[in-house]
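The values are calculated or read from the model by the stated rules, or taken from the named source; none is laboratory data. Everything numeric in this text was worked out from a predicted model, so none of it was measured. Reconstructed Cβ throughout: ideal geometry from the backbone, glycine too, with neighbour counts over all protein chains shown.
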Amino acid sequence: MTATSRNLRIARFAFVAGSLAALAACTGGNERPKADLAASQVTTIGVNAYLWRAAVETVSFAPLLQSDSAGGVIVTDWYTNPRDPNERVKMTVSILDQDLRADAVRVAASRQVAQGGQWVDAPVQAATVQKLEDIILTKARDLRRSAVKG
């Protein structure tokens, strides 16, 4: 390679590198890019990612039967608390929207108690389902805050 062709290559490289640096510095004025790129609508998995992750973490104490991130459904198997072996619960969590909103998560729970060696359906307190929804929403909001800060 001759000195002239080497100098030409160096000049091209310097031109391209300078052009890229100039383009990188362009922000379209003095606007700062939005750090919260519609963070309430992060949906790389079909539903709101914060709600999905929070829901999976919230029900992770129970074995999962089904989890469909595209459809936003999590179904657990029956879970028996070791402290109360005569009662078990099963949950279904549905993420209903791509937005991080209070009405975008729905929890349904079934409860059974042992009677005479058989599992018998028992009522679930509405406050229990509401508490699970609140826990999921709180975790989702915390995940969103952490993502926006980072």
Among the residues of the stretch 89-110, write down those that are without any contact (Cβ under 8 Å) to a residue 40 or more places away in the chain and farther than 12 Å from Val73 by Cα.
Val89, Lys90, Ala102, Asp103, Ala109, Ser110
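Can you go through Arg106, Arg88 and tell me which one is surrounded by 13 or more Cβ atoms within 10 Å (Cβ to Cβ), within 18 Å of Gly46 (Cα to Cα) and of a type in the set (D, E, K, R)?
The match here is Arg106.
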For the list (1) hydroxyl-bearing (Ser, Thr, Tyr); (2) surrounded by fewer than 21 Cβ atoms within 10 Å (Cβ to Cβ); (3) farther than 18 Å from Val124 by Cβ; (4) out of contact with any Gly (no Cβ under 6 Å at 6 or more places or on another chain), I need the number of the one condition that Ser69 fails.
(4)
Exclusive hit being part of a helix (DSSP H, G or I), touching a strand residue (DSSP E or B) at 6+ places or on another chain (Cβ under 7 Å) and under 25 Å from Gly46 (Cβ atoms), set Glu57, Glu133:
Glu133
Within the stretch 77-99, the count of residues that are among the β-branched types (Val, Ile, Thr) and touching a Lys or Arg at 6+ places or on another chain (Cβ under 6 Å) comes to 2
Do you know which residues across the stretch 96-127 are modelled with pLDDT under 95, within 19 Å of Val56 (Cβ to Cβ) and either in a strand (DSSP E or B) or not hydrophobic (A, V, I, L, M, F, W, C) (or both)?
Asp97, Gln98, Asp99, Arg101
Which residues, counting only those in the stretch 77-88, are in contact (Cβ under 8 Å) with a residue 12 or more places away in the chain and either under 30 Å from Val148 (Cβ atoms) or assigned to a loop (DSSP other than H, G, I, E, B) (or both)?
Asp77, Trp78, Pro85, Asn86
Checked Lys131, Lys139 against criteria (at pLDDT 95 or above, surrounded by 16 or more Cβ atoms within 10 Å (Cβ to Cβ) and of a type outside the set (A, V, I, L, M)); the one match is Lys139
Can you tell me which residue among Arg106, Arg111 is of a type in the set (Lys, Arg) and under 14 Å from Asn48 (Cα atoms)?
Arg106
Residue count for the stretch 127-150, restricted to those that are closer than 16 Å to Ala102 by Cα and small (Gly, Ala, Ser):
2
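Conditions (1) farther than 19 Å from Arg111 by Cα; (2) modelled with pLDDT of 95 or more, marked per residue:
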residue	(1), (2)
Asn30	yes, no
Thr43	yes, no
Leu51	yes, yes
Thr58	no, yes
Asn86	no, yes
